[in-house]
Number of protein chains: 2
Amino acid sequence: MCASSPSFPSATTKAELEEGSRLMPRFGPDGLITCIATEADTGELLMVAHMNEEALAMTLKTREAWYWSRSRNELWHKGATSGQVQHVIEMRIDCDQDALWIKVRVSGDGGCCHTGRKSCFYRSVAPDGVLIEED
Amino acid sequence: MCASSPSFPSATTKAELEEGSRLMPRFGPDGLITCIATEADTGELLMVAHMNEEALAMTLKTREAWYWSRSRNELWHKGATSGQVQHVIEMRIDCDQDALWIKVRVSGDGGCCHTGRKSCFYRSVAPDGVLIEED
């Protein structure tokens, strides 16, 4: 990690983590934190992705979603090529600060999934494991 | 892993994973898959947790949410002690089958978070990292 890498404070107590008023994100052993994106106006679940420290810092700074692409192993400004930029209306963090939730408005065609669908969650799972495409 | 451990098929092609009609969940190196739970009637985001193969199999079988507790390192039938059982109304999987989404109705007091709040996402994050408790 380079010297100019962003860094966030670490919690020393559970109370600080759960009841504190300071962002102290807990990145996993892989340096990543899970982030959920929902459509700010409709609440629709769009995608689940991951951020490293730099992606989170860039998201806070620019108010656009930046992720860490695990498949390409690189920082990923969502929408930079597709036009589907995610403008962050609100960010939330969960109780133990190991998951983020961003409410976004999406530029371009408003979509999110690389398959061309709006949301990545386009299939329901039946109890027997059969997947059914939903609207 | 014991001989009777549940197992799910693995995709051999991207098309099978993204366009197929068979659940082929991709567990991470830690054997876990991320699962998001939302309230089925309101769409409210309740929590993010993780499932291993057994937890996913139990969730499909019982239609109640089972997770893998990373802090306790054990299978976790959500609500078994608190009464906050999550009844699964619908399960969805994302494009590359590495994240699950369950829409649930919650027994007991309808809550979810161990801090006593309904949702784990009770704090918003300001750009400067200040957390603010929201309704």
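Derivation of every value follows stated rules applied to the coordinates shown; laboratory data play no part. None of these values were measured; they are calculated from a predicted model. Neighbour counts are summed over all protein chains in view; Cβ atoms, including those assigned to glycine, are modelled from backbone coordinates with ideal geometry.
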Checklist outcome for this item: Sorted shortest first, the nm distances from the A:Thr115 label point (7 Å along Cα→Cβ) to its counterparts in the other copies are 3.5
Item to check | Proximal lysines to B:Lys61, defined as alpha-carbon separation beneath 22 angstrom and excluding residues fewer than eight positions away on the same chain | outcome: B:Lys78, B:Lys103
Item to check | Shielding of B:12-22 by partner chains, average beta-carbon count, 10 Å | outcome: 2
Item to check | When the convex hull of its Cα atoms is projected in every direction, mean area for chain B (nm²) | outcome: 10.2 nm²
Item to check | Beta carbon of chain B nearest to the axis of the rotation taking B to A, residue and angstrom distance | outcome: B:Gly43, 2
Next on the checklist: Need one number: nm distance between label points at B:Glu90 and A:Glu44, each 7 Å from Cα along Cα→Cβ, rounded to one decimal.
Outcome noted: 1.2 nm
Item to check | Averaged over A:112-125, number of beta-carbon atoms from partner chains that fall within 10 Å | outcome: 5
Item to check | Simple label model, 7 Å out from Cα along Cβ direction - A:Ser124 to B:Asn73, nm | outcome: 3.9 nm
Checklist entry - Which distances, in nm and shortest first, link the A:Asp30 label point to the same label point in every other copy, taking 7 Å along Cα→Cβ? => result 1.0
Item to check | Peptides ranked, highest mean first, by Cβ atoms within 10 Å: ranges A:69-75, A:122-128, A:85-91 | outcome: A:85-91, A:122-128, A:69-75
Checklist entry - Is there a simple number for the mean count of other chain Cβ atoms within 10 Å of the Cβ of residues in B:86-97, and what is it? => result 5
Item to check | Quotient of C-alpha Rg and 2.2 N^0.38 Å, computed over the protein assembly as shown | outcome: 0.97
Checklist outcome for this item: Tilt, helix A:53-62 to longest principal axis of chain A (alpha-carbon atoms), in degrees rounded to tens, equals 80 degrees
Checklist entry - Alpha carbon centre of the stretch A:27-88 versus the stretch A:100-129: separation in Å? => result 13 Å
Checklist entry - Counting each DSSP H run of 4 or more residues in chain A as -39500 (n - 2.57), what helix-only mean residue ellipticity at 222 nm follows after dividing by all residues, to the nearest 500 deg cm²/dmol? => result -3000 deg cm²/dmol
Checklist entry - Between copies, how far does the label point of A:Val130 sit from its twins, in nm, shortest first, when each point is 7 Å from Cα along Cα→Cβ? => result 5.5
Item to check | Sorted peptide list for A:50-63, B:21-34, criterion being average Cβ within 10 angstrom, highest first | outcome: A:50-63, B:21-34
Item to check | Listed peptides A:76-83, B:6-13 by packing density, highest first (mean Cβ within 10 Å) | outcome: A:76-83, B:6-13
Next on the checklist: Rounded to the nearest 20 debye, what is the charge dipole size of chain B about its Cα centre when +1 sits on each Lys and Arg Cβ and -1 on each Asp and Glu Cβ?
Outcome noted: 400 debye
